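Q: A single structure is presented below for examination.
The values are calculated or read from the model by the stated rules, or taken from the named source; none is laboratory data. Bear in mind that the values here come from a model prediction, so they are computed numbers and not experimental data. Backbone-built Cβ (ideal geometry, glycine too); neighbour counts: all protein chains shown. We work out accessible area using only protein heavy atoms, side chains counted, and drop any ligands, DNA or RNA first. Shrake-Rupley method; radii C 1.70, N 1.55, O 1.52, S 1.80 Å.
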Amino acid sequence: MQELNRSIILDTIRKEGPISRSDIAKLINISPTTVTSAVNDLIHEGYVREDGVGFSSGGRKPVLLRFNPNTRFIIGVSISNSSIKISEMNLEGCINRKEIHSTNFCQGQDMINLIIKIIKQFLESKENLQWCEGISIITPGIVDAKKGIISYNSKLKLYDIPLKQMVEDEFGLPTFLDNDTNAYVLAENYFGSFKKYKDLVYITIGDGVGSGIMYNGQIIRGYKGSSGELGHTTIVRGGLKCECGNEGCLENYINWPAIFSKVVTALMTRGKETIIRNLIDGDINRVTPAVFVKALNEGDRLCYEIMEEIVSHLSTSITNIIHLLNPEVIILSGEIVQENSIFIDLLNKSVSKRVIPILKDEVNIQPTSLEAEFEMLGAAAVILQEKYQFTI
């Protein structure tokens with residue numbers, strides 16, 4: 001009970017500060033003595049600092065308290081099929097240092113070895129590890145967050161990997177592991193602009209396609225932790241073979257590798273005009289999501305046709321989501337989503353035409369408010385949730 005009260009008090013200061021001890025007691029209905037004792041400990045440990053005085057309704061002016069995010073730090077790790085991103089952040093997700101490493105298409109044990117190597121090299125240059133609150137790792141695929149196990153990731157060939165225990169054994173630091181899109185849902189509530197929504201679906205488009213589901217303020221994980229595998233729902237019967245063993249999975253039609261393949265095919269085909277030719281100066285390796293979105297925003301016909309095809313596939317899946325779950329908002333993230341209002345507009349219009357009439361005016365699809373650092377903020381949010389029990 002003491003630890004729970006402490007977490008609630010710290011979370012209240014984080015959200016409401018600057019705030020006085022007496023206002024904390026009134027706000028969360030805890031005795032002033034309990035608040036004072038917890039606050040004294042939090043100040044001593046550096047999590048909270050006194051910051052000026054407030055107005056008085058009679059008697060002494062109250063001393064105000066504020067959350068102090070800079071006395072501790074977090075190591076965040078984001079794993080994808082193509083890269084491993086690692087950063088040092090404060091307790092508000094502000095990045096002090098960040099590195100991006102290519103996976104060089106590693107899979108299985110080679111991938112695990114690479115993750116450990118990158119973390120080791122990153123920590124070697126960091127002094128005062130006693131102030132590190134832990135390592136937070138987020139990854140696509142099916143994750144048992146409670147046990148810290150990557151249960152299933154077909155692209156990286158990772159099956160039943162106890163990554164949390166492996167990292168803790170190697171570095172002696174508390175380690176947390178979660179599915180990346182579930183982490184982004186938490187981050188939107190801790191750091192983003194969607195705090196008012198308690199029923200939402202978050203979809204990320206990158207090397208694959210994932211989704212996170214929040215219902216009544218709680219992450220929905222499912223029986224085996226596989227809730228939200230939107231990328232592996234079938235949209236084309238007898239379609240492209242997927243690495244998961246199924247056919248016609250959504251992600252094979254709308255992920256970045258699929259878009260890249262269409263662009264490269266067009267570049268290699270005579271008669272297909274596209275602005276991208278000029279943007280990459282003949283180097284196909286320079287075709288990136290940012291280049292694709294730039295060309296789209298400049299009116300490139302090829303990119304628009306590709307985007308229309310993506311919208312057609314994705315709007316089918318989103319319509320199903322709306323009919324099944326009726327979320328207040330659907331949030332999209334990924335490099336092809338950033339600065340891509342054309343995509344969002346087309347998607348909203350397409351879904352509005354597909355849903356049942358009563359829901360037509362309620363379709364609400366928006367880009368993430370976390371901007372480019374959504375992955376690192378997701379990693380930070382996992383620790384805030386698991387270590388501090390901060391509420392959403």
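Q: Of all trypsin sites (Lys or Arg not before Pro) in segment 202-277, which ones are in loop regions per DSSP and have a Cβ with at most 15 other Cβ atoms within 10 Å?
A: For trypsin sites (Lys or Arg not before Pro) across segment 202-277 that sit outside H, G, I, E and B with at most 15 neighbouring Cβ atoms in 10 Å, the list reads K224, R237, R270, K272.
Q: Another question, if that's okay. Relative to the compact globular guide of 2.2 N^0.38 Å, what is the alpha carbon radius of gyration of segment 126-273, as a ratio?
A: Compared with the compact-globule rule of thumb, segment 126-273 sits at 1.25.
Q: Considering only protein heavy atoms and a probe of 1.4 Å, how much of the accessible area of segment 103-175 is carbon and sulfur, as a whole percent?
A: Carbon and sulfur together cover 50 percent of it.
Q: Which of rounded, prolate or oblate describes the chain when judged by the alpha-carbon gyration tensor and an a/c cut-off of 1.5?
A: Prolate shape, in that a/c is at least 1.5 and a/b is the bigger ratio.
Q: Now, a different point. Go ahead and run the numbers for FRET between K224 and K26, Cβ-Cβ distance against an R0 of 41 Å, rounding to 0.05.
A: 0.40
Q: Please list 3J(HN,Hα) in residue order for segment 147-161, calculated via the Karplus relation 6.51 cos²θ - 1.76 cosθ + 1.60 where θ = phi - 60°; whole Hz, with x for glycine and proline.
A: 8, x, 10, 7, 7, 7, 9, 5, 5, 9, 6, 10, 9, 6, 9
Q: In segment 250-392, what percent of the accessible surface is made up of carbon and sulfur (1.4 Å probe, ligands and nucleic acids excluded)?
A: 48
Q: Kindly flag which residue pairs out of K198/K262; K353/K387; K241/K349; K195/K360; K262/K349; K26/K360 have an alpha-carbon separation exceeding 32 Å in this structure.
A: Among K198/K262; K353/K387; K241/K349; K195/K360; K262/K349; K26/K360, the Cα-Cα distance tops 32 Å for K198/K262; K353/K387; K26/K360.
Q: Provide the per residue accessible area, probe 1.4 Å, for the chain, rounded to a whole number of square angstrom.
A: 48
Q: Taking amide H positions as placed in the peptide plane 1.01 Å from N, state which residues far from D51 in sequence (5 or more) or on other chains have amide H under 5 Å from it.
A: L64, L65, R66
Q: Quick one, could you list the DSSP H helices from the chain stretching 27 Å or more along their long axis (Cα atoms) with average Kyte-Doolittle hydropathy of 0.0 or above?
A: 301-325
Q: Using the per-residue mean of other Cβ atoms lying within 10 Å as a proxy for protection, in what order, highest first, do the peptides 20-33, 162-175 fall? Mind dumping the intermediate values first?
A: On the way: 20-33: 14.6, 162-175: 16.9.
Result, highest mean first: 162-175, 20-33.
Q: Take every Cα-Cα pair in segment 1-148 and report what % of them are more than 21 Å apart.
A: That tail contains 57 percent of the Cα-Cα pairs.
Q: Can you tell me which of 374-384, 7-17, 123-133 comes out highest on packing, and rank the rest after it, using the mean Cβ neighbours within 10 Å?
A: 374-384, 7-17, 123-133
Q: Here's a follow-up. Measure out, as a whole number of angstrom, how far apart the alpha-carbon centroids of segment 137-160 and segment 62-86 sit.
A: 22
Q: Oh, and also: From the square roots a ≥ b ≥ c of the eigenvalues of the alpha-carbon gyration tensor of segment 297-392, which class results: rounded (a/c under 1.5), prolate (a/b over b/c), or oblate?
A: In terms of gyration-tensor shape, oblate.
Q: In Å³ and rounded to a whole number, note down the convex hull volume per residue for the Cα atoms of segment 81-160.
A: Expressed per residue, the convex hull around the Cα atoms of segment 81-160 is 108 Å³.
Q: What's the extension gain from I358 to N278 if we count 0.36 nm per residue and subtract their Cα-Cα distance? Each step should come with its number before you reach the end.
A: Values: separation 80, 0.36 × 80 = 28.80 nm, distance 4.61 nm.
Computed gain between I358 and N278 is 24.2 nm.
Q: Related question: For segment 192-347, with equal point scatterers placed on the C-alpha atoms only and solvent neglected, what are the log10 I(q)/I(0) values from the Debye formula at q = 0.13, 0.17 1/Å, to two decimals?
A: Rounded to two decimals, the profile gives -0.65, -1.03.
Q: Here's another thing I want to ask about it. How charged is the neighbourhood of I19? Take every other residue with its Cβ under 15 Å from the Cβ of I19, and add Lys/Arg as +1 and Asp/Glu as -1.
A: Working: positive: R14, K15, R21, K26, R49, K61, R66; negative: D11, E16, D23, E50, D51.
After counting each charged neighbour, the total is +2.
Q: For segment 287-343 and segment 181-224, what is the separation of their C-alpha centers, rounded to whole Å?
A: About 18 Å separates the Cα centre of segment 287-343 from the one of segment 181-224.
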